[in-house]
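Notes to accompany the following structure.
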């Protein structure tokens, strides 16, 4: 019975390690009794505990677009950390590269099964599952799409597990000028092209220079002009360098510009969307 109890205690400790403890120690006293604890004791040995996230296997019903799939059970899954151009639908116009990304993903998933690895948030406000997508071979699909220039980064905290991997993949794709990075539609444009008369939808690369930092209740804004700002959620500020580092320098902002009464705001949740040579 003692052996069974000890094993149960060990299993309990290991299960808790990834969420509560960072270390587990094994101690054997002079009488040969073994115990486990999160506190170090003289003579104890630290156990190596695997914190590899669990991956769930599912059957794929169809590929909706380059960054969204539908499972056999009807659940819709949005790939974390990336964004692909929109495809043509009754709700929106298609964007350059959208069908290429969708067809690439269809080909990759033609075997019909995928492995989903969740991050900090399992679902978004649209009830879509949020996941890192893997094949049985171990290929990380989110990374492959970015590395191939089929997708750009869309890193949204707190889902940051593979942020460094994705950032590296994007830098290489951009350096090699492949996929999206070679398309005229996605070359950097000046924020001066934003105006109440100019329709501006979809993901873009904006060139600008901010001159002031202003705080509001929920955001800190980098002011570009009297009608353009870069909006950073206060809850994400710890991820960014000191914002004054961005002032009076040429920066590239990657994302979507929203318009309200002739004013434009570009929401930035992660520093990977603010490109400046000295900080990247």
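I'm checking my understanding of the structure. Among residues of segment 175-228 that are touching a residue at least 60 places away in the same chain (Cβ under 8 Å) and in contact with a helix residue (DSSP H, G or I) (Cβ under 6 Å, 6 or more places away or on another chain), which one is nearest to residue 250 (Cα to Cα)?
206
Per-residue answers, yes or no, for (1) surrounded by 18 or more Cβ atoms within 10 Å (Cβ to Cβ); (2) outside any strand (DSSP E or B); (3) not assigned by TED's automatic domain parsing to the domain that holds residue 254:
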{"site": "74", "(1), (2), (3)": "no, yes, yes"}
{"site": "78", "(1), (2), (3)": "yes, no, yes"}
{"site": "86", "(1), (2), (3)": "yes, yes, yes"}
{"site": "93", "(1), (2), (3)": "no, yes, yes"}
{"site": "105", "(1), (2), (3)": "yes, yes, yes"}
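Can you name the residue in segment 161-184 that is touching a strand residue (DSSP E or B) at 6+ places or on another chain (Cβ under 7 Å) and within 16 Å of residue 204 (Cβ to Cβ) and, of all such residues, is surrounded by the most Cβ atoms within 10 Å (Cβ to Cβ)?
That would be 180.
Just one of (1) surrounded by fewer than 18 Cβ atoms within 10 Å (Cβ to Cβ); (2) over 17 Å from residue 190 (Cβ atoms); (3) touching a residue at least 12 places away in the same chain (Cβ under 8 Å) trips up residue 271, so point out which.
Residue 271 satisfies every listed condition except (1).
Answer yes or no: is there a residue in segment 98-114 that is under 20 Å from the mean Cα position of the chain (by Cα), over 17 Å from residue 148 (Cα atoms) and free of Cβ contacts under 8 Å to residues at least 60 places away in the same chain.
There is at least one residue in segment 98-114 that is under 20 Å from the mean Cα position of the chain (by Cα), over 17 Å from residue 148 (Cα atoms) and free of Cβ contacts under 8 Å to residues at least 60 places away in the same chain.
Only one of (1) more than 11 Å from the chain's Cα centre (by Cα); (2) free of Cβ contacts under 8 Å to residues at least 40 places away in the same chain; (3) surrounded by 15 or more Cβ atoms within 10 Å (Cβ to Cβ) is not met by residue 125, so which one is it?
With (1) more than 11 Å from the chain's Cα centre (by Cα); (2) free of Cβ contacts under 8 Å to residues at least 40 places away in the same chain; (3) surrounded by 15 or more Cβ atoms within 10 Å (Cβ to Cβ) applied to residue 125, the lone miss is (3).
Determine which member of the set 266, 223 is outside the structural domain of residue 81 (by TED's automatic domain parsing), in a strand (DSSP E or B) and over 26 Å from residue 84 (Cα atoms).
Result: 223 is the single residue among 266, 223 that is outside the structural domain of residue 81 (by TED's automatic domain parsing), in a strand (DSSP E or B) and over 26 Å from residue 84 (Cα atoms).
The values are calculated or read from the model by the stated rules, or taken from the named source; none is laboratory data. Here the structure is a predicted model, which means the values were calculated and not measured. Reconstructed Cβ throughout: ideal geometry from the backbone, glycine too, with neighbour counts over all protein chains shown.
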